[in-house]
Amino acid sequence: MHAEVVSIGDELTSGQRLDTNSQWLSERLGELGIRVLYHSTVGDDLEANVRVFREAFDRADFIVCTGGLGPTADDLTRQALAEATGRELVQDDAALAHIRALFARRQRPMPDRNVCQALFPAGSSVIPNPHGTAPGVDISVSREGRSEARLFALPGVPAEMVEMWTQSVEPALAAATGEARVIRHRRIKCFGVGESDLEQMLPDLIQRGRQPSVGITVSQATITLRITAAGRDHDACLAAIEPTAKTIYDCLGSVVFGEEDDELQQAVVRQLKSRGETVAVVEWGTGGLVADWLSIASGPDGPFRGGLVIGDRGALAALPSLAPPADSVAPWDLDVASWAEACRHQFATDYAIAVGPFPVADGDGQDPGMLSLAVASKEGTKLATPAFAGHPDILKARSGKQALNLLRLHLTSE
């Protein structure tokens, strides 16, 4: 069975407010074994709402919509549902009594405009709203040669929407779907290769129609492999996912750094904690991004001991710990290996990460696409010079991740 989630409101289509309801509802529908195929967002326009509802009734078995159930002129869900289904709006006396009682408890007179919140398309059912004046709508529509499509309209206020989902919609969907079936996901996080290269490393796992399915997404060079399985219960899904997860680990090896919400800094901090070791950072051009990540992941009294943030060559030269040695051969302001070693000694840590200078073309002819990274340890210093291209904000995040990954791989290899 397939579903569509519809979000209604000019505040969403104009970008003034982020639609978190759709994400939450999609996760809940998936837990019931209902696959969400469509997300629709529509403004406060009657004709557009009617069109969206008609399309949703045609292409989805279940529709959950949020918003448009208030008492004002731009709350159009009730009217749009009536027009989309060819039904009249009729008043529900019990719903109206509930709304009046809410206003009475608040010691406020009920405006006449709120009467419209007790109007429902003929043949629909009321979804109670325990704490608000906007009851929901449960309406089914016949489809020739197919099963009925069923729509649940809920308020856009998240607190009310969640409670109404839990008390009314979720039990109704569980009963409607018959045999218990759930969908579960497992996310495996990767770093260090490109998306195309990673796909080639996997033996036909990312194929349409494969069960369990494997999807791939990329965000600032972090690749997430999402394994999805459907089964009779949670344990059955996990059992179906496990062989695919093992194949991914076997094929990708150290490219995998974690699962679910893990980030590289958390993987590094876990490794350092398990070894009882510490790290410090010196950065030029990334604004202390790596230090910030490590500080948050490490927490108080964790393995991250501190960092140095460099803004320009003058600031670099003014730091006694980073003053160039007399026998230095390389231009000191480009010698990140020496920075890393000096930082390690200043903070008395087991490791130090150095990042910089940030790749910005200048009059000195610095290559705008090159960046130097270094990890210093008591065994020596590892250096990397990855090439980058793209927006500076993305480059900063990628360079920070590359630096963390350099340390992660060093720790993994020992």
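What follows draws every value from the coordinates through simple rules; no lab data is involved. Quick caveat, the model's predicted, so the values are computed rather than measured. Ideal geometry is used to build each Cβ from the backbone, glycine not excepted, and the neighbour counts take in all protein chains shown.
Points to keep in mind about this one:
- Cα-based shape type of region 2-176, given that a ≥ b ≥ c are square roots of the gyration tensor eigenvalues and the cut on a/c is 1.5: rounded
- Taking the longest Cα principal axis of the chain as reference, the axis of helix 264-275 is set at about 60 degrees.
- Rounded to the nearest Hz, the phi-derived 3J(HN,Hα) couplings of region 74-83 under the Karplus curve 6.51 cos²θ - 1.76 cosθ + 1.60 (θ = phi - 60°) are 8, 8, 10, 4, 4, 5, 5, 5, 5, 5, where x marks glycine and proline.
- This ranking places TYR38, TYR249, TYR351 by how few other beta-carbon atoms lie within 10 Å of each, fewest first, which gives TYR249, TYR38, TYR351.
- Gyration tensor (alpha-carbon) shape descriptor, region 149-200, a/c threshold 1.5: prolate
- FRET efficiency estimate (nearest 0.05) - Cβ-Cβ, GLN211 to VAL90, R0 51 angstrom: 0.65
- Toward the positive end of the charge dipole of the chain, with +1 on the Cβ of Lys and Arg and -1 on the Cβ of Asp and Glu, the farthest Cα among VAL218, ALA149, ASN405 is that of ALA149.
- Charge dipole (region 2-176, unit charges on Cβ, about Cα centre) - positive-most of SER22, GLY67, HIS131: HIS131
- Phi angles across region 281-296 convert, under the Karplus curve 6.51 cos²θ - 1.76 cosθ + 1.60 with θ = phi - 60°, into 3J(HN,Hα) values of 9, 10, 10, 10, x, 9, x, x, 4, 5, 4, 5, 4, 5, 4, 5 Hz, Gly and Pro given as x.
- For SER213, residues with placed amide H under 5 Å, excluding near neighbours: THR228
- Built amide H within the under 5 Å cut-off of GLY306, gap 5+: VAL281
- Straight-line cross-link partners of LYS189 among the lysines, defined as a Cα under 21 Å from its Cα and at least 8 positions apart when in the same chain: LYS246, LYS273, LYS396, LYS401.
- For Rg/Rh (Cα atoms, Kirkwood Rh), calculated from these coordinates, the label among (1) 1.12; (2) 1.23; (3) 0.97: (1)
- Per DSSP, loop GluC sites (Glu not before Pro) in region 141-245 with at most 16 further Cβ within 10 Å: GLU144, GLU179
- If you plug the beta carbon distance of LEU238 and THR412 into 1/(1 + (r/R0)^6) with R0 = 35 Å, you get a FRET efficiency near 0.85.
- On Cα atoms only, tilt of 21-31 relative to the major axis of the chain in degrees: 90 degrees
- When exposed loop sites are taken as trypsin sites (Lys or Arg not before Pro) in a DSSP loop with at most 15 other Cβ atoms within 10 Å, the longest stretch of the chain clear of them is 233-377.
- Under a 5 Å amide H cut-off, with hydrogens placed 1.01 Å from N, VAL6 pairs with SER40, VAL64, CYS65, THR66 among residues at least 5 apart or on other chains.
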